[in-house]
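Peer 1: Sharing a structure below in structure tokens format, with a few things to ask.
Nothing in this text is a laboratory measurement; each read-out follows from the coordinates by a stated rule. The structure presented is a predicted model; accordingly, all values stated were derived computationally and were not measured. Reconstructed Cβ throughout: ideal geometry from the backbone, glycine too, with neighbour counts over all protein chains shown.
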Amino acid sequence: MDNYNNMESLQLSAKSHPANTLYRALGTAFCYALFGLGAPMVSIILPVVNAIPMSGAQKKQWTRAIISKSCMFYLNTMKNLGLLTYSIRPTSTIAPKGKIIIANHPSLLDAFFILGMCKNLCCITKSALWKNPFTALIVRMADYIPNDCEDFIQEAKKRLSEGENILIFPEGTRNYYDDQLDFKRGAANIAILTESDIVPILIKCAPRAMQKGEKFYSIPAVAPLFSFDVLKTIEIKKHIKLDSPKTLQYRQLTRYLIDTYRPHLTKTERLKPSDAA
Amino acid sequence: MKKSRPEVEQYIKEVLVELFEIDEAELKPDARLYEDLDIDSIDAVEMLIEIKKTSKKDINPEQFSEAKTLNDIVDIVLHL
């Protein structure tokens, strides 16, 4: 943690040279273009994988591995271009089994990092991605769960029992400032209804970058440092009263999740939601 | 025997306090369930189950999901 804080203050005190800002603006534009090209590239590789004779389960594993590697490649490209730095602790990859993975959500890149660092991750995605020709094959082959899935809890339970992990951002969308912690109860709902423990990931991004409500071309004064800390797994039964109604358990657990993050996050300048239009 | 409106209202208030940790002072008849009382769709299902258990009558889930305020719930239960 100290190391992080030192680096953070070092970064914040550093004055950015205009040439450096221009360079990073161009680099950022390049990376948006790379994403625009890279995502269709994955769409080209996947039909090839799809044609290889192997079981559906194997195809799913391959697809998830390809997504994970692509995300890491993309982030490392940004790192090598000097657009960001990152640290992942305790290790660069984690392999939980049957857990709900949660994280706070300051930046557009959060999901890329978690997809890159966590094995066998199942995402809940907008059902529209199943109909979009660019993304339909990816979400189908990766066997993600659409958010309009009818028997959602049963489906989630099945996946978790098979050792998959489900990623949820309890805030539901990117936050406007670090200690906002406006957690919805969805993560607690799913954890309690599927009786699954929770792996919390703490994300810091300093200075804040690619946040909600920002124009895509606005870049921070210095390249941001992202840190990802995998916190201690939360055994949910220890933090809820099992004899109380489920509705109260959801609230108890949600409060506990917020309390888990709160000591790690300090105030940042608030970007008013009204600025975000 | 049919229950009177104040009786039903009191019962619904008790359910809301018990299930959702809501302060009874907030429970005005026109309090909006989702916006004012921080109830979500999963909560609403639990509330439906609870009311069904006590009233021993069938409640149409669609009709129940259209309820916006405490008063709407009271109306539904009164007309069971």
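Peer 1: Exposed loop trypsin sites (Lys or Arg not before Pro) only (DSSP loop, at most 11 other Cβ atoms within 10 Å): please give the longest stretch of chain B free of them, not including the sites.
Peer 2: B:3-55
Peer 1: Kindly provide the helix-only [θ] at 222 nm of chain B, computed as the sum of -39,500 (n - 2.57) over DSSP H runs of four or more divided by all residues, to the nearest 500 deg cm²/dmol?
Peer 2: Taken over chain B, the calculation gives -17500 deg cm²/dmol.
Peer 1: While we're looking at this one, here's another question. Which parts of segment A:180-217 would a label at A:Tyr23 reach, counting a residue when its backbone N lies under 19 Å from a point 7 Å out along Cα-to-Cβ?
Peer 2: In segment A:180-217, the label zone of A:Tyr23 (backbone N under 19 Å from the point 7 Å along Cα→Cβ) covers A:207.
Peer 1: Hey, which aspartates and glutamates would be in cross-link range of B:Lys52, C-alpha to C-alpha under 15 Å, not counting anything within fewer than 8 residues on its own chain?
Peer 2: Cross-link targets: B:Glu14, B:Asp43, B:Glu62, B:Asp75.
Peer 1: Same structure again: Any idea how far the Cα center of segment A:170-205 sits from the one of segment A:121-147, in Å?
Peer 2: Value for the Cα centre distance between the two parts: 21 Å.
Peer 1: Roughly what would the spin-label model give for B:Gln63 and A:Gln58, points 7 Å off Cα along C-beta, in nm?
Peer 2: 5.6
Peer 1: Helix by helix through chain A, keep the DSSP H runs that span 20 Å or more along the axis on Cα and average at least 1.0 on Kyte-Doolittle, and give those back in order.
Peer 2: Helix filter hits for chain A: A:18-51.
Peer 1: Sticking with this one: Considering the dipole of the protein assembly as shown built from charges on the beta carbon (Lys and Arg +1, Asp and Glu -1) around the Cα centre, which of A:Pro53, A:Ile219, A:Thr233 is farthest to its positive end?
Peer 2: About the Cα centre, the residue reaching furthest to the positive side is A:Pro53.
Peer 1: Okay, next question. If I take R0 = 30 Å and measure r between the Cβ atoms of A:Ser218 and A:Tyr256 in this structure, what FRET efficiency does the formula 1/(1 + (r/R0)^6) give, to the nearest 0.05?
Peer 2: Here the calculated transfer efficiency is 0.25.
Peer 1: Please check chain A for the longest run free of chymotrypsin sites (Phe, Trp or Tyr not before Pro) that are loop-located per DSSP (anything but H, G, I, E, B) and have at most 15 other Cβ atoms within 10 Å.
Peer 2: A:1-133
Peer 1: Which of A:His17, A:His105, A:His264, B:His79 comes first, and how do the rest follow, when ranked by fewest Cβ neighbours within 10 Å?
Peer 2: B:His79, A:His17, A:His264, A:His105
Peer 1: Evaluate the relative contact order of segment B:5-78 (contact order divided by residue number), counting alpha-carbon pairs under 8 angstrom at least 6 apart; express in whole percent.
Peer 2: 44
Peer 1: While we're on this one: Over 18 Å between Cα atoms, which of B:Lys13/B:Lys53; A:Lys237/B:Lys53; A:Lys99/A:Lys238; A:Lys97/A:Lys232 qualify?
Peer 2: A:Lys237/B:Lys53
Peer 1: Within 14 Å, Cβ to Cβ, of A:Asp143, how many net charges do the neighbouring residues add up to if Lys/Arg are +1 and Asp/Glu are -1?
Peer 2: So the environment of A:Asp143 carries a net charge of +3.
Peer 1: Further question on the same structure: Normalised by the number of residues in segment A:28-165, what is the relative contact order in percent for Cα pairs under 8 Å and 6+ residues apart?
Peer 2: Value for segment A:28-165: 32 percent.
Peer 1: Students often get this wrong: which residues of segment B:48-80 have the backbone nitrogen under 16 Å from the point 7 angstrom along Cα-to-C-beta of B:Glu26?
Peer 2: Zone members listed by number: B:69-71.
Peer 1: I've got another one for you. Counting only trypsin sites (Lys or Arg not before Pro) that sit in a DSSP loop (anything but H, G, I, E, B) with at most 14 other Cβ atoms within 10 Å, what is the longest stretch of chain A containing none of them?
Peer 2: For trypsin sites (Lys or Arg not before Pro) (loop position, at most 14 other Cβ atoms within 10 Å), the longest site-free span of chain A is A:132-214.
Peer 1: Could you work out the percent of alpha carbon pairs in chain B separated by over 17 Å, rounded to a whole number?
Peer 2: 37
Peer 1: While we're looking at this one, here's another question. Over the C-alpha atoms of chain A, what are the Rg and the largest Cα-to-Cα span, Dmax, in Å?
Peer 2: Over chain A's Cα set, Rg and Dmax evaluate to 19.3, 62 Å.
Peer 1: Set the Förster radius R0 to 51 Å, insert the Cβ-Cβ distance between B:Arg5 and A:Asn80 as r into 1/(1 + (r/R0)^6), and round the FRET efficiency to 0.05.
Peer 2: 0.15
Peer 1: If a/c stays under 1.5 just call it rounded; otherwise compare a/b with b/c (prolate if a/b is bigger, oblate if not). Do that for segment A:76-160, with a ≥ b ≥ c from the square roots of the Cα gyration tensor eigenvalues.
Peer 2: Oblate, since a/c reaches 1.5 and b/c is not below a/b.
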